[in-house]
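Novice: I'd like to ask some things about the structure below.
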Amino acid sequence: RKEVEQDPGPFNVPEGATVAFNCTYSNSASQSFFWYRQDCRKEPKLLMSVYSSGNEDGRFTAQLNRASQYISLLIRDSKLSDSATYLCVVNSIETSYDKVIFGPGTSLSVIP
Amino acid sequence: DGGITQSPKYLFRKEGQNVTLSCEQNLNHDAMYWYRQDPGQGLRLIYYSQIVNDFQKGDIAEGYSVSREKKESFPLTVTSAQKNPTAFYLCASRGWGSGANVLTFGAGSRLTVL
């Protein structure tokens with residue numbers, strides 16, 4: 001089993017739609033969680049951190065379920081500019097270092 | 001402005017040549033990382049360094065080498081031993097921001113072997 005898994009995608013949605021991405025992680029000792037966004041041929045950029053209580057940033061809502069080892073990202077009122085690949089990122093402390101694991105990403109295309 | 005600078009942005013190499021990719025950060029971050037990304041694939045960790053003069057192999061270190069002589073700099077050498085080096089290489093550093101210990105990436109270096 002991969003350490004971080006995401007919906008395979010791609011997701012093709014019309015403008016204005018609500019879309020949800022799911023991510024699961026295998027290491028129950030994982031401590032921090034993030035969503036990154038990567039545009040085509042560009043570097044990943046932090047979209048938002050994910051907190052245990054859930055958090056919202058404008059049209060974006062992130063949720064964490066530690067018991068199920070599950071993270072989600074909800075995008076409401078999708079815009080054309082939301083088209084990108086969304087990466088789930090999990091951080092855990094292993095014996096002597098911080099381990100940062102990226103999921104494979106889920107591609108989103110928002111269609112006019 | 002603080003950030004991470006990678007160079008060159010594009011690089012072409014002949015088989016059998018070593019090339020070095022530069023990564024410089026002025027964020028005062030201790031930890032730095034090198035990732036490789038192939039088309040349609042996720043990021044794979046090559047090497048990381050948590051402090052000056054120390055670095056550790058990641059998941060795909062074979063055919064690569066690094067140094068960390070200064071806090072600001074973490075160059076990656078792609079050696080001739082790397083069998084399939086054509087890829088997008090991303091350097092990152094890690095430090096506190098947005099309320100968490102987050103990775104910040106450079107713009108990447110795209111290496112093509114001819």
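Novice: Please find, within the range A:1-16, the residue that is nearest to the chain's Cα centre (by Cα) out of those that are under 17 Å from residue A:80 (Cα atoms), away from chain B (no Cβ under 11 Å) and exposed (fewer than 15 other Cβ atoms within 10 Å of the Cβ).
Specialist: Ranking the candidates gives A:12 first.
Novice: Specify the residue that is farthest from residue B:20 (Cα to Cα); the eligible residues are those in the range B:46-85 that are within 14 Å of chain A (Cβ to nearest Cβ) and β-branched (Val, Ile, Thr).
Specialist: Residue satisfying both the conditions and the ranking: B:51.
One line per residue, one yes/no per condition, for (1) exposed (fewer than 12 other Cβ atoms within 10 Å of the Cβ); (2) within 10 Å of the chain's Cα centre (by Cα); (3) over 26 Å from residue B:44 (Cα atoms):
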| residue | (1), (2), (3) |
| --- | --- |
| A:53 | yes, no, yes |
| A:65 | no, no, no |
| A:69 | no, no, no |
| A:78 | no, no, yes |
| A:88 | no, yes, no |
| A:98 | no, no, no |
| A:109 | no, no, no |
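Novice: Do any strands (runs of 3 or more DSSP E) entirely within the range B:31-114 hold 1 or more residues that are among the basic types (Lys, Arg) and either surrounded by 14 or more Cβ atoms within 10 Å (Cβ to Cβ) or without any contact (Cβ under 8 Å) to a residue 12 or more places away in the chain (or both), and if so, which? Reasoning before the result, please.
Specialist: On the way: elements: B:31-37, B:43-51, B:54-57, B:64-66, B:76-78, B:87-97, B:100-105, B:109-113.
The strands (runs of 3 or more DSSP E) meeting that bar are B:31-37, B:43-51, B:54-57, B:87-97, B:109-113.
Novice: Pick from the range B:1-45 the residues that are aliphatic (A, V, I, L, M) and more than 11 Å from chain A (Cβ to nearest Cβ): which of them is farthest from residue B:87 (Cα to Cα)? Can you show your working first?
Specialist: Filtering the range B:1-45 for residues aliphatic (A, V, I, L, M) gives B:4, B:11, B:19, B:21, B:27, B:31-32, B:43, B:45.
Now drop any that are not more than 11 Å from chain A (Cβ to nearest Cβ), which leaves B:11, B:19, B:21, B:27, B:32.
Working: B:11: 10, B:19: 13, B:21: 12, B:27: 26, B:32: 19 Å.
Among residues in the range B:1-45 that are aliphatic (A, V, I, L, M) and more than 11 Å from chain A (Cβ to nearest Cβ), the one farthest from residue B:87 (Cα to Cα) is B:27.
Novice: How many residues, within the range A:23-44, are exposed (fewer than 14 other Cβ atoms within 10 Å of the Cβ) and either in a strand (DSSP E or B) or at pLDDT 95 or above (or both)?
Specialist: So the answer is 1.
Novice: Here's something else I'd like to know. Restricting attention to the range A:66-112, report how many residues are among the polar types (S, T, N, Q) and facing chain B (nearest Cβ under 10 Å).
Specialist: First, pick out the residues of the range A:66-112 that are among the polar types (S, T, N, Q): A:68-69, A:72, A:78, A:81, A:83, A:85, A:91-92, A:95-96, A:106-107, A:109.
Subset that is facing chain B (nearest Cβ under 10 Å): A:85, A:91, A:96, A:107.
Residues meeting the conditions: 4.
The values are calculated or read from the model by the stated rules, or taken from the named source; none is laboratory data. What you see is a predicted model; the values in this text were computed from it and never measured. Cβ atoms come from the backbone with ideal geometry, glycine included; neighbour counts cover every protein chain shown.
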